[in-house]
1. Does B:L115 satisfy the criteria of being within 11 Å of chain A (Cβ to nearest Cβ) and either in contact with a Lys or Arg (Cβ under 8 Å, 6 or more places away or on another chain) or within 28 Å of A:L203 (Cα to Cα) (or both)?
2. Exactly one of these conditions fails for B:I6: (1) buried (at least 18 other Cβ atoms within 10 Å of the Cβ); (2) more than 16 Å from ligand 1 (Cβ to nearest atom). Give me its number.
3. I'd like the full set of residues that are surrounded by fewer than 20 Cβ atoms within 10 Å (Cβ to Cβ) and either part of a helix (DSSP H, G or I) or under 17 Å from the mean Cα position of the chain (by Cα) (or both), limited to the stretch A:162-197.
4. Give me the pairs: first residue in the stretch A:260-278 and farther than 16 Å from A:I246 by Cβ, second residue acidic (D, E), beta-carbon distance under 8 Å, and six or more apart or on different chains, which are they?
5. May I ask you to list the residues in the stretch B:32-50 that are within 14 Å of chain A (Cβ to nearest Cβ) and either more than 9 Å from ligand 1 (Cβ to nearest atom) or surrounded by 22 or more Cβ atoms within 10 Å (Cβ to Cβ) (or both)?
6. Keeping to the stretch B:64-86, report how many residues are more than 13 Å from chain A (Cβ to nearest Cβ), of a type in the set (A, V, I, L, M, F, W, C) and farther than 19 Å from B:L174 by Cα.
7. Between a residue in the stretch A:292-311 that is part of a loop (DSSP other than H, G, I, E, B) and any residue that is modelled with pLDDT under 85 and surrounded by 16 or more Cβ atoms within 10 Å (Cβ to Cβ), which pairs come within a Cβ distance under 8 Å, given they are 6 or more apart or on different chains?
8. So, in the stretch B:102-115, of the ones that are touching an Asp or Glu at 6+ places or on another chain (Cβ under 9 Å) and among the β-branched types (V, I, T), which residue ends up surrounded by the fewest Cβ atoms within 10 Å (Cβ to Cβ)?
Amino acid sequence: MWKVIGERAVSLVVTLLVASVGIYGALFLAPGNPATLLAGGHATPAVLATIERTEHLNEPFFTRYWDWLVGVLHGNLGQSFVYREPVTTLLAGRVGNTVFLVLYAATLIIAGGVVLGLLAALDRRAGAAITVLTSVGLGIPSFVAAIALITVFSVKLGWFPVFGSGTGLLSQLWHLTLPAVALAISWTAYTAQLTKAAVREELGREHVETARSRGISRRHVILRHVLRNAMIPITTVSGLTVAGLIAGDVVVEQAFGINGLGSFLVQSTLQKDFASVQAVSLILVATFVIVNGLVDLWSLVLDPRLRTGRA
Amino acid sequence: MNVLEINHLAVELPVEGALRRVLHDVTLSIGPGEAVGLVGESGAGKSMASRAVIRLLPAGAAVHGDIRYSGDSVLAMDRAALRHFRTHDVAMVFQDPRAHINPVRTIGDFLLEALLERGERRDDARAAVIAVLAAVGVSEPERRLRQFPHELSGGLLQRVMIAAALAVSPTLLLADEPTTALDVTTQSDVMVILDARRRERGLAMLFVTHDLELAAAVCDRIAVLYAGFLVEDAPAGDLHRNLRHPYTAGLLASRPDPVAPRPRLAAIPGRPLSAFEVGAGCAFAPRCAFAVERCHLERPELRVLDAGRVACHRAEELAGQLALSPTPGGSE
Ligand SMILES: Nc1ncnc2c1ncn2[C@@H]1O[C@H](COP(=O)(O)OP(=O)(O)OP(=O)(O)O)[C@@H](O)[C@H]1O
Ligand code: SF4
Ligand SMILES: [Mg+2]
């Protein structure tokens, strides 16, 4: 257990370092001068030169990256030169919306996917319908889902707001329902298909036959032997879902005008706001690595066969 | 009253959309405390016959005939009756304990589950399970309860499976090749334990194996299955003295010697037929060295002969010849 945690921690640090160099480099090489953007419409050469000097824009790549890295290690994510505020402050106001949205979507995906998959595997008639539904759902990208949901439920029916993220739990739930659904649709379909396959496989296991031969009730056979064992492959693959959610979040926040990390990342990239892009990207990468580490640990809890020799 | 009575059992299983016959005609009974060995080559239908008794056939199976446990029709049981039957009266030991015990739950979970399922108190169930584990020769039973199946050897795991079957104090024990997946020394250990526990508790047992000698050693009676037909049923002691069915004689002759594993004389010539390939006559006719015209045309009924029953047109005539030469020399 501790060995796995150690391995994951090391891999997190390495991944973050590599990712930060990569992202910094990409922004550095990308066309367009951030000074021009900062100066707005009236960029005289003198103004540009001043901005470049104060913002250290014309220093060599490694000097700038090193400065940034030292700052981060001191707990300072840097200063956004677009907003002229510490990046930490800018993130603080946005991170809540994104976390809420992603957790909301993840709950929908896990609950919906597992229930649909289980139903599809156990009930022949429901199974056929669910299989059709999930094949369609799997092919719906989140931006298409977003547009369709906004058109139907916000514009036509007026049940949900078109825009924004709301404040307070209930208002947040109300505002973020459509975005979460848009984000969740294809992943729910994916999880449902995976669950169905895993449950089918487990249903055919000999030990399930043993349980039935002993007169264990169907409910207990399903819960303790079929679903319990099917959770292992489902957990393993859910690490992938997290990567998908992070990518999808950026799209969905844009589509629904949610002021979260995703839309902030897009704006900052367009404005070449190095410090902000860097901070958000690293948070996303770190989240991905940490969640996958947790998935690994959870697999260890679920499958005793993995524990021997690795503990 | 007999513990188990199987009358003209026939089973069909769905194969690629159509039903395929795997058992034709099996009639068999087991008295209280009696052990019956069900033997036959691979594919004869031994597993299907024993599974039919506990209604554990693959989905879509069609079952004909009659199976009675203490006089009650097993095939007619509703859900509750079947559950009661499975939790109280009958227990099954499977061939491969590694596959037949859930790998992600503890040995304790496995052993206790059946007892808790029928409403016993956890403490009582635990005490009972520990006692049974000790009885089947599992050391440190309390520690075993916390272990997982992959931490135990195959032989130990099979003892756990036997303990699980005995823990519910069944009247009827179904054992489907309980030792085939184990190495030779472990096999005999497990057989000794199974046999001793069974005798001690006066359990009725259906012991499925393809090893005729082993069956003869631990069972009171031997039932021989060929291509879905029960062809002979005789007291175990008669086997060497008084052979009546050419197939049984062939089985005896073809058994490899476990001590000096050289092929003994001849195996039965020809390939065993699957049940669905059998024609109108005797199922064994294509391979039988004693087959006459009648054998190919008319199916032999299972009929009483001496202390047992046999399905062969020529059983009486052949009685002497089979005993003298286990490998048939040729027909007349
Ligand atoms: N699920 C199934 N669907 C269709 N046919 C099956 C199925 N399981 C087994 N059979 C067929 O039923 C016949 C009897 O099988 P069974 O498992 O009872 O044989 P067996 O005597 O136990 O053989 P073995 O010694 O190999 O265990 C075989 O011909 C087999 O191919
Ligand atoms: S009935 Fe005929 S074919 Fe069948 S076993 Fe007897 S002698 Fe052989
Ligand atoms: Mg078998």
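The values are calculated or read from the model by the stated rules, or taken from the named source; none is laboratory data. Keep in mind that what you see is a predicted model, and the values were worked out from it rather than measured. Cβ coordinates were reconstructed from backbone atoms using ideal geometry, including for glycine residues, and neighbour counts include every protein chain displayed.
1. Against the criterion (within 11 Å of chain A (Cβ to nearest Cβ) and either in contact with a Lys or Arg (Cβ under 8 Å, 6 or more places away or on another chain) or within 28 Å of A:L203 (Cα to Cα) (or both)), B:L115 qualifies.
2. Of everything listed in (1) buried (at least 18 other Cβ atoms within 10 Å of the Cβ); (2) more than 16 Å from ligand 1 (Cβ to nearest atom), B:I6 misses just condition (2).
3. Across the stretch A:162-197, the qualifying residues are A:L169, A:L170, A:S171, A:Q172, A:L173, A:W174, A:T177, A:A197.
4. A:Q267/A:D273
5. B:M48, the sole residue that qualifies.
6. Summing the residues that are more than 13 Å from chain A (Cβ to nearest Cβ), of a type in the set (A, V, I, L, M, F, W, C) and farther than 19 Å from B:L174 by Cα in the stretch B:64-86 gives 1.
7. Short answer, once both residue conditions are applied: A:R310/A:V4.
8. The residue in question is B:V104.
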